[in-house]
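In what follows, a structure is listed as structure tokens, so that the remarks can point back to it.
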Amino acid sequence: MLLATTMTGALVLGACGAGGTESADDASGGSEALTVLVEGGGKAELEPVAAKFSEETGTEVTFVELPYDGLYDRLSTELASGNVSFDVAALDAIWLRAFADGVAPLDDLFTQEVQDDLFPALLQEATVDDRFVGMPAWTNAEVLFYRTDLFEDAAQMEAFQAEYGYELAPPTTWEEYRDVAKFFTQDTDGDGATDLYGTDVKGAVETEWLATVLQAGADGMVLDEDGNVIIDDAKHLEALEFYVAPLLEDQAAPAGAAQVDWAEAQNLFYQGQTAMTRFWAHAYTQTPEDSPVAGNIGVTPMPAGPGGVAGVPGAWYLSVPTATDKQELAMEFIEFAYENNELGLDTSLGLAATQSALTSRAGQEGDEHLQALIDTLEAPATQPRPATAEWQEIVDTVLVPMLQKAVEGGADQQLLDDAKTQIEQILG
């Protein structure tokens, strides 16, 4: 079986020892030093910045790598105790609200020039209680990957035109997406069994459905701006019905969707079993060379629903613990990271956070995916996930189980009503 470089594999690597905020003299023989706490895969994004910062300032930068859950636990323990072993931390966006009381405000770094260079959803996400608590280091969003060898095949184009009455092209609307997914669900080797599906349906992750909620025109995902639970409204139901339709109504996605997560969906596409997949933009540069679709992948924004194009940013932020005695130097590092944000584009993930960095490379050979990412992040309907400290619990105990039920039994109002009750109980 072809082994894909999955999102999990790219972002979660091994842990490497403990950090510390010992004196600068102890840490680097007389020069200044910083300790940066980061999830394993995120180190690669920051290494070029750290190397350049060290070269220009003489500051030694030490990374402490932890797996995702270990990083959260370390942050929870140390920020709560006020006894920290790090000076800068890379925080997942969904943690900003939970850890806001333990990190220093970065308002002085967010000049108008900086704010103008950041996508609106990232600015919104970085703000907790009217103060900026994290500087975006890199961001991601789902885009639509499609097989150019299929979409540009003359026989396929002719057959699609005859069946649907319009030209075959990467879908830009929900309706086109379903048409294309149904069309490419085919028996390509003539043995009577389907061996190519138009797309996948992911029941084991929640973010793609949340993006669909925004595409449906909802005022928010799960919660409104006042924290009220709105998961039971008509837009969430419309999004759920569309989300499961390619599987349950169209039979255009592989069975077993309740267990399909990012890794499985990526493998299905890389193995040539799906014609399209909605996936995180970074995967464009990570297609295995031995994949049957290598060199035949196009990228475009996800199809628009009634609310237009929309996505959910997957951003990480740099924050400074209030308990570190190196706040000034830590702030200097974060400002430097912003000013050199484009260095992240040459790393294994190939991601950045600023508009200027992404646009500087969009459209260049090898970076064709960046324009789709920019278009998604700029879309008016794009929003960050709700800023609640209980978000991960809501995802794990409510949203994913609800989606798994939906892909097995269909979308209905009762699923959303039950989810609302559960979420209200979590929020108290």
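Checked against the criterion of being touching a strand residue (DSSP E or B) at 6+ places or on another chain (Cβ under 8 Å), polar (S, T, N, Q) and open to solvent by less than 30 Å² (accessible area, probe 1.4 Å), region 62-75 has no qualifying residue.
The criterion of being over 25 Å from residue 256 (Cα atoms) and part of a loop (DSSP other than H, G, I, E, B) does not hold for residue 358. Residues in region 174-198 that are open to solvent by 30 Å² or more (accessible area, probe 1.4 Å) and either over 28 Å from the mean Cα position of the chain (by Cα) or under 14 Å from residue 278 (Cα atoms) (or both): 178, 186, 187, 188, 189, 190, 191, 192, 193, 194, 195, 197.
Scanning region 346-365 for residues that are more than 16 Å from the chain's Cα centre (by Cα) and not polar (S, T, N, Q), we see that the one that is modelled with the highest pLDDT is 357.
For residue 251, the stated conditions hold: it is open to solvent by 20 Å² or more (accessible area, probe 1.4 Å) and of a type in the set (S, T, N, Q). For region 217-238, taking the residues that are hydrophobic (A, V, I, L, M, F, W, C) and more than 21 Å from residue 125 (Cβ to Cβ), the one that is surrounded by the most Cβ atoms within 10 Å (Cβ to Cβ) is identified as 237.
Can you spot a residue in region 86-95 that is out of contact with any strand residue (DSSP E or B) (no Cβ under 8 Å at 6 or more places or on another chain), closer than 22 Å to residue 343 by Cβ and modelled with pLDDT of 95 or more? No, because not a single residue in region 86-95 is out of contact with any strand residue (DSSP E or B) (no Cβ under 8 Å at 6 or more places or on another chain), closer than 22 Å to residue 343 by Cβ and modelled with pLDDT of 95 or more. Say whether the condition of being within 14 Å of residue 369 (Cβ to Cβ) and modelled with pLDDT of 95 or more is met by at least one residue in region 322-330. Scanning region 322-330, I find no residue that is within 14 Å of residue 369 (Cβ to Cβ) and modelled with pLDDT of 95 or more, so the answer is no.
Could we say that residue 166 is aromatic (Phe, Trp, Tyr) and in a loop (DSSP other than H, G, I, E, B) here?
yes
Among the conditions (1) more than 21 Å from residue 258 (Cα to Cα); (2) of a type outside the set (Lys, Arg); (3) at pLDDT 95 or above, residue 243 misses just one, which is (1). Of all residue pairs spaced 6 or more apart or on separate chains, those with beta-carbon atoms under 7 Å, a first member in region 300-323 that is at positive phi and a second member that is surrounded by fewer than 24 Cβ atoms within 10 Å (Cβ to Cβ) and of a type outside the set (D, E, K, R) are 308/379; 308/380; 308/381. Taken together, 225, 158, 208, 238 contain a single residue that is within 22 Å of the chain's Cα centre (by Cα), of a type in the set (D, E, K, R) and assigned to a helix (DSSP H, G or I), which is 208. Listed here are the helices (runs of 4 or more DSSP H) enclosed by region 83-152 that have at least 3 residues being more than 25 Å from residue 324 (Cα to Cα): 112-116, 120-126, 148-151. Is region 408-417 home to any residue that is under 19 Å from the mean Cα position of the chain (by Cα), in a helix (DSSP H, G or I) and of a type outside the set (Asp, Glu)? Looking through region 408-417, none of the residues is under 19 Å from the mean Cα position of the chain (by Cα), in a helix (DSSP H, G or I) and of a type outside the set (Asp, Glu). If only residues of region 361-370 that are touching a residue at least 40 places away in the same chain (Cβ under 8 Å) and assigned to a helix (DSSP H, G or I) are counted, the one that is surrounded by the most Cβ atoms within 10 Å (Cβ to Cβ) is 370. Inside region 402-419, residues that are of a type outside the set (Val, Ile, Thr), touching a helix residue (DSSP H, G or I) at 6+ places or on another chain (Cβ under 9 Å) and open to solvent by less than 60 Å² (accessible area, probe 1.4 Å) make up a count of 9. Inside region 376-428, can you point out the residues that are out of contact with any strand residue (DSSP E or B) (no Cβ under 7 Å at 6 or more places or on another chain), touching a residue at least 12 places away in the same chain (Cβ under 8 Å) and of a type in the set (S, T, N, Q)? Scanning region 376-428 gives 382, 383, 392, 397, 404, 413, 422. Please specify each residue of region 49-61 satisfying the condition of being in a strand (DSSP E or B) and either open to solvent by less than 40 Å² (accessible area, probe 1.4 Å) or basic (Lys, Arg) (or both). Within region 49-61, 61 is the sole residue that qualifies. In the set (1) in a helix (DSSP H, G or I); (2) at pLDDT 95 or above, the condition left unmet by residue 251 is number (1).
Could you tell me which of the residues 313, 288 is buried (at least 19 other Cβ atoms within 10 Å of the Cβ) and within 23 Å of the chain's Cα centre (by Cα)?
Result of the check over 313, 288: 313.
Criterion applied to 88, 143, 84 was being hydrophobic (A, V, I, L, M, F, W, C), touching a residue at least 24 places away in the same chain (Cβ under 8 Å), crowded, with 22+ Cβ neighbours inside 10 Å and touching a Gly at 6+ places or on another chain (Cβ under 8 Å), and the one residue passing it is 143. For region 28-48, taking the residues that are part of a loop (DSSP other than H, G, I, E, B) and open to solvent by 10 Å² or more (accessible area, probe 1.4 Å), the one that is modelled with the highest pLDDT is identified as 32.
The values are calculated or read from the model by the stated rules, or taken from the named source; none is laboratory data. On a predicted model such as this, the values are computed, not experimentally measured, just so you know. A quick note on method: Cβ atoms are made from the backbone with ideal geometry, for glycine too, and the neighbour counts reach across all protein chains shown. The area values use the complete protein model at the heavy-atom level, side chains included, leaving out ligands, DNA and RNA. Shrake-Rupley method; radii C 1.70, N 1.55, O 1.52, S 1.80 Å.
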